[in-house]
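As structure tokens, the structure follows; a few thoughts come after it.
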Amino acid sequence: MRTKSKWSPGPGKRNGGEALSIRQMIEAVAVEHGLDRKRIFITGLSAGGAMTSVMLACYPEVFAGGAIIAGLPYGSAKTVPEAFDRMRGHGMPSERQLQKALRDASPHQGPWPSISVWHGSADQTVASSNADAIVAQWRAVHGLDARSTRSEMVDGHSRRVWRNAQGQELIEEYRIAGMGHGTPLGTAGDAALGVGGPFMLDVGISSTWHIARFWGIAKPCVKRDAKIKPAKANNEALAPGFARAFSMPKAGVPNVPHSAKRANIPPSQKPSSAAGIRKVIEDALRSAGLMH
């Protein structure tokens with residue numbers, strides 16, 4: 001049977017639809033495993049990035065931080081055609097409208113989760129202007145100026161940071177030079193994580209590691225003896241550098257500032273066809289209950 005795709009507004013609102021379902025799953029896991037509720041984070045790519053925006057806006061009290069990779073700002077679209085327009089960088093609501101949508105999404109008055117935004121400068125699927133819109137949306141609730149506090153190069157890519165009066169980093173934005181639509185990977189060096197593949201792009205910087213470091217849940221990498229083998233889980237070897245990058249810091253150990261260094265960036269992987277990417281995004285939206 002063939003049906004028309006249509007937008008379901010429920011998943012984008014607090015206490016309803018897919019957002020509520022995800023919230024309930026988080027609660028179940030937190031209770032079952034006795035998780036520290038001050039250390040719950042969320043991240044997603046593309047349609048998952050858009051859903052991350054939804055969860056952060058609708059349930060900001062749940063998350064210590066969120067990372068949105070090639071996603072959309074919350075409340076930027078109400079229909080599927082609008083969503084695809086926003087993906088192309090067209091018709092974005094004003095900064096004030098986006099900020100109002102975020103404030104109206106929940107009764108929360110703060111504190112607010114820290115936000116990490118990642119986007120490829122050559123993304124032909126979701127325009128990089130969405131990254132700017134996400135940053136602008138979250139600056140208001142954090143009470144931050146439009147101008148970033150710090151700009152630097154990390155592993156050869158641009159990073160901007162917004163800090164509060166106490167010097168705490170609340171928002172960061174990475175613009176990955178020459179990268180298309182996907183999650184940035186760094187598969188070499190002491191912080192190596194993951195294996196390149198569709199939408200997992202080896203561009204010489206590990207978004208996973210840098211995000212975890214921004215959140216204060218990963219130590220800086222330490223040079224290890226090459227003969228030491230990584231730990232194993234479920235009889236499968238972990239990706240090189242996993243144990244190093246995600247060893248948890250001891251209580252009271254402060255987050256270490258990002259190093260600013262340049263590196264030679266390998267060529268981005270050839271992107272998949274636009275039609276294929278669109279199908280992946282539509283399938284993800286359907287799985288999330290946003291389309292059917």
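The values are calculated or read from the model by the stated rules, or taken from the named source; none is laboratory data. Note that this is a predicted model, so its numbers are computed, not measured. Cβ coordinates were reconstructed from backbone atoms using ideal geometry, including for glycine residues, and neighbour counts include every protein chain displayed.
Of all the numbered requirements in (1) within 14 Å of A50 (Cβ to Cβ); (2) outside any helix (DSSP H, G or I); (3) not polar (S, T, N, Q), W112 misses one, and that requirement is (1). Using beta carbons and a limit of 8 Å, which pairs, at least six apart or on different chains, have the first residue in region 34-57 and farther than 22 Å from R213 by Cβ and of a type in the set (K, R) and the second one at pLDDT below 95 and in a helix (DSSP H, G or I)? Taking only residues 6 or more apart or on different chains, not a single pair turns up. Entry remark, region 115-172: residues being assigned to a loop (DSSP other than H, G, I, E, B) and of a type outside the set (G, A, S) number 12 in total. What is the number of the single condition among (1) at pLDDT below 75; (2) in a loop (DSSP other than H, G, I, E, B) that I205 does not meet? It is condition (1) that I205 fails. Applying the selection to region 59-83, what residues are among the small types (G, A, S) and either in a strand (DSSP E or B) or farther than 19 Å from D123 by Cα (or both)? A64, G65, G66, A67, G75, A77, listed by residue number. Considering only residues in region 175-202 that are small (G, A, S) and either part of a strand (DSSP E or B) or modelled with pLDDT of 95 or more (or both), the one that is nearest to I115 (Cα to Cα) turns out to be G182.
The condition of being over 19 Å from the mean Cα position of the chain (by Cα) and either at pLDDT below 95 or not hydroxyl-bearing (S, T, Y) (or both) holds for only one of A122, A146, that being A146. Checking every residue in region 164-174 against the condition of being modelled with pLDDT of 85 or more, within 16 Å of the chain's Cα centre (by Cα) and polar (S, T, N, Q) gives zero matches.
When the residues of region 46-58 are narrowed to those that are hydroxyl-bearing (S, T, Y) and in a helix (DSSP H, G or I), which ends up nearest to Q137 (Cα to Cα)? Checking each candidate, the answer is S53. Applying the condition of being of a type in the set (S, T, Y) and in contact (Cβ under 8 Å) with a residue 60 or more places away in the chain to region 104-133 and asking which residue is surrounded by the most Cβ atoms within 10 Å (Cβ to Cβ) yields S116. Does E169 satisfy the criteria of being surrounded by 18 or more Cβ atoms within 10 Å (Cβ to Cβ), touching a residue at least 12 places away in the same chain (Cβ under 8 Å), among the charged types (D, E, K, R) and over 18 Å from S46 (Cβ atoms)? In short, yes. Scanning region 29-62 for residues that are β-branched (V, I, T) and under 11 Å from the mean Cα position of the chain (by Cα) yields I42, T43, T52.
Residues that are surrounded by 18 or more Cβ atoms within 10 Å (Cβ to Cβ), in a helix (DSSP H, G or I) and not polar (S, T, N, Q) do occur in region 88-98, at least one of them.
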